[in-house]
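Note sheet for the following structure.
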Amino acid sequence: MIPVDYYIILSAILFTIGVLGVLIRRNALIIFMSIELMLNAANLAIVAFGSVFESFSGQIFVFFVIAVAAAEVAVGLALIVEIFRSKRSIDVDQVSSLKG
Amino acid sequence: MTLDLALFLLLALIAIASALGMLISRNTVYSALYLVLNFVTVAVFYLLLSAPFIAMVQITVYAGAIMVLFLFVIMLLGAEGLPKSEVLPWQKPLAIGLSVLLFAEAAYLLVTKSRPVGNVLPPAEAVNATENLQQLGIALFRDYLLPFEVVSILLLVAMVGAIVLTKKERKARQ
């Protein structure tokens, strides 16, 4: 019997590491992977809560989150490829054309 | 009971270590592989939470499809190593401080304020895989049919969008 609190704390730790990755890394691909990590942490929390309340809605919601994440990755990576083609770099500091 | 807890702690350690490895490794390919390890560990957590279908979807879609797409793009762009460009010296300590604050807030709110009742059932006492799949399928196609169809349209739009985004530039370049 593992208390659900442990899963929630683990999920919070993973989410925090994802936030940290978005904040300190400049590589667009790493930032994207950190976003995936955050989605995963949220999924873990949802499944843990669903398991405690013995409800299937949590698992179905996670299923939809995974499907939306797949769509997001397809479009996001296409955008990164486009940025690389125009800037020759995927450093997010280089993407500053709108800066005055 | 103790075995459950030991297994949980070991897996949690692997998950956190692989997430940190993803964060700090300089080579993007290593980061992607650390993230695969993290996804597989989370899939094992889903098994422990008696969600075998979600665990398999996690491995096939996340660790399989999505990370292969990532590795494909990394190698397509040749972006394994990026030169360091630290422009703001105070950014890293500030980010770490804010992240610790975020974690403290999240842990405080989730654990003390909205405390969920009870423990997670061990997988042996919970539903077996076939039953889980059956119930999930019935719920998905009866109660959640509209969201399911909307997701299928979303996936179609994403596919078309990705093709359009990567194809237009090539035409203009030639």
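Looking across A:I83, A:I31, one residue alone is in a helix (DSSP H, G or I), closer than 21 Å to B:A162 by Cβ and more than 14 Å from the chain's Cα centre (by Cα). It is A:I83.
For the range A:7-55, a residue qualifies if it is of a type in the set (D, E, K, R) and in contact (Cβ under 8 Å) with a residue 12 or more places away in the chain, and the qualifying residues are A:R26, A:E36. Would you please name the residue that is surrounded by the most Cβ atoms within 10 Å (Cβ to Cβ), looking only at residues in the range A:56-94 that are in contact (Cβ under 8 Å) with a residue 24 or more places away in the chain and more than 8 Å from chain B (Cβ to nearest Cβ)? Across the range A:56-94, the extreme among qualifying residues is A:G76.
Among the residues of the range B:25-52, those that are facing another protein chain (nearest Cβ under 7 Å) and farther than 20 Å from A:G18 by Cα comprise B:L49, B:S50, B:A51. Residue count for the range B:130-164 satisfying the condition of being surrounded by 15 or more Cβ atoms within 10 Å (Cβ to Cβ) and touching a residue at least 12 places away in the same chain (Cβ under 8 Å): 2. Annotation: of all residues in the range B:140-159 being aromatic (F, W, Y) and within 9 Å of chain A (Cβ to nearest Cβ), the one that is nearest to the chain's Cα centre (by Cα) is B:F148. Exactly one residue out of A:V75, A:V62, A:V22 is at pLDDT 90 or above, over 17 Å from B:F70 (Cα atoms) and assigned to a helix (DSSP H, G or I): that is A:V62. Residues of the range A:29-55 that are over 16 Å from B:M67 (Cβ atoms) and more than 7 Å from chain B (Cβ to nearest Cβ): A:A41, A:A42, A:A45, A:I46, A:G50, A:F53, A:E54, A:S55.
The values are calculated or read from the model by the stated rules, or taken from the named source; none is laboratory data. The model shown is predicted, which means the values in this text are computed figures rather than measured ones. A quick note on method: Cβ atoms are made from the backbone with ideal geometry, for glycine too, and the neighbour counts reach across all protein chains shown.
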